[in-house]
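We did not get these values from a lab; they are worked out from the coordinates using the rules stated. Please read these numbers as outputs of a predicted model, since none were measured by experiment. Cβ placement follows ideal geometry from the backbone for every residue including glycine, while neighbour counts extend to all protein chains displayed.
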Amino acid sequence: MSSARAPRRPFAPRRPFAPRHPLAPGHPLAPAPPIAYRARGPLAVDRGALLLLAAACAVLFAGSFLVARVLSPAAQAGQGTLPRVAAQAGEPVPLSLTPAPAIRAGVAAAPKLQVKRVSRAAATVTQPVVAPVIQRTAAPVVPAPASVQPAAPVAATPAPVATPAPVATPAPAPQTHSAPAPKSSGGGGAVSFETSG
Amino acid sequence: MARLPVGTRAIAAALLVVVAILGYLAGHRGAPAPVGVSSSSAAGSRVVSVADVLLEVPQHWLRAGAPQSIPGLALEGPLTLAPGAASTAGLVGGRSPGGQASPLPASFLRTLSIVPHAEVLTFLGGQAYAYTGVRIPGYDRTLNLYVVPTTSESTGPTLLACYAANGFAAQLAQCEQIVARLTLVGSTQSDLAPDPRYGGQLRGVVGALDGERLALRRQMRVSATPAGVGVLATKLAAALGKTATSVAAIEPPIAAGAAQASLAAALLAARSAYQALASAASTEQLATYDLALARVEHAEHGIDAALETFALIGYGRP
């Protein structure tokens, strides 16, 4: 700003106490001009600003104080409420595997069925003695020739004479003999064996 | 202010920051002090030590002569505090048996018909699990449980139980306040808050297994021959083994490490059980087959129990 006049009075001091310097003011290497002394101090100057600053301090202090009181875990505990953490976002992990159909029924039927067929065959072999009894006593009562007839050829081979005793067990007994094997065999042919035993 | 020099404005800003910090510190110190940290506990209360925690209990909460028993909860060093008759309302505290993947003892879980909902609580010294409103069939008390896990494998977690009969809700709330002000002693903890990302990974793996298992079990149901069942059981065993490997490959949060190990072990046990079933089906021996079936059922219960553990550490339904 005074660069135009500077060359004219290169050695003129701008302040009584300003040091003499060979470089002109405005020269890049010239020292900066001293800060002007202000008779009124900075505090005295902006009383309004000072009040504003004090008010801001007070408000800030009170605000941060309250925030600390509210956010403090100890403060939360003092209020007797449990300091819970927010629940997990997203889908839960399943509590258990989905109930599946039982295996037992499906599998157990198959081997048992096979086993029963074998035992039935065995029964027809071991019961030739009974078969004649059925033929004698039950023939007039129970027609059912279809179910009995398969047994007949088998029953023909063993000695019928050896079975006098079965006379004491004439046919009326069939209903009480519901029993032994066919619980889960499920085959329709099993009925004839139950009644015959 | 706008006319103030830059230096003055900087000083003012620094002053405001300092004032804010001082205000926060003053507010933090002015908050109610946690119990047990200093001797300045509130008047009319005393500090009681239970396993790994210190409790500040009101003076009228007295120690019961005989510990109150809660079905299924066998605690070490049990302590009962009650405001009156211990049978109606109070607090039971002690240490749970160690070496369990679940925060709640298995003996206690067996008494429950519903898996309790878990929440995570944060205290000054660490965190705890909370299970509120727990109902035990045949036990007519409202039960709130709080479990403070420990990082030690040899010792079990600290368990606190607030219980109250009907009409004693005020005592239950007072017990909750006691728990809310507990101080953890000398145990460094990991973060107990569930990790949603980990939960998602686990859910995906378990869900895939469940779908495959269900399909194979349906086929087993309708399979007419033991040989068919054997083939399907072998397939399911392979799926279980693959899932166990996938589960083990997931990096768990520290709090879920034990539960994950338990799940992986349960999956491997189920794989062995299905392999045994396949073997029994091929031999067509009914007794062996029945034993293998029972083993399968037991192993699948093991998987369910391991999955329940995840619900108990916060990965259940929110």
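With the simple model of a label 7 Å out from the Cα in the direction of the Cβ, residue B:69 to residue B:185 spans 2.8 nm.
Mean per-residue shielding of peptide B:266-272 is 0, counting Cβ atoms of other chains within 10 Å of each Cβ. Between 0 and 90 degrees, the angle of helix B:226-249 with respect to the longest Cα principal axis of chain B falls at about 20 degrees. Rounded to the nearest 0.05, what FRET efficiency is calculated for residue B:304 and residue A:32 with R0 set to 56 Å and r the Cβ-Cβ distance? My answer for the efficiency is 0.10. Look at the stretch B:10-20: the mean tally of other chain Cβ atoms within 10 Å of its residues' Cβ atoms is 4. Both the radius of gyration and Dmax for segment B:263-318 are 14.2, 47 Å, in that order, over alpha-carbon atoms.
Let me confirm one metric for peptide B:217-223, namely the mean number of other chain beta-carbon atoms within 10 Å of its residues' beta-carbons. Write down the numbers at each step before the final one.
Values: counts 8, 3, 2, 7, 8, 3, 4.
Counting Cβ atoms of other protein chains within 10 Å of each residue's Cβ and averaging gives 5.
Axis angle, to the nearest 10 degrees, between helix B:196-222 and the longest C-alpha principal axis of chain B: 20 degrees. When the inverse distances between all different Cα atoms of segment B:171-259 are averaged and flipped, the Kirkwood radius reads 16.9 angstrom.
For segment B:62-162, taking Cα atoms only, Rg and Dmax work out to 13.2, 36 Å respectively. Over the Cα atoms of segment B:75-227, the radius of gyration divided by the Kirkwood radius equals 1.10; this is the Rg/Rh ratio.
Helices in chain B, meaning DSSP H runs of at least 4 residues, each add -39500 (n - 2.57). Divided by all residues, the mean residue ellipticity at 222 nm is -15500 deg cm²/dmol.
Could you state, as a whole-number percent, how many of the C-alpha pairs of chain B are farther apart than 33 Å? Intermediate results must be reported in sequence, preceding the final value.
Details: 22193 of 50403 pairs.
The share of Cα pairs beyond 33 Å in chain B comes to 44 percent.
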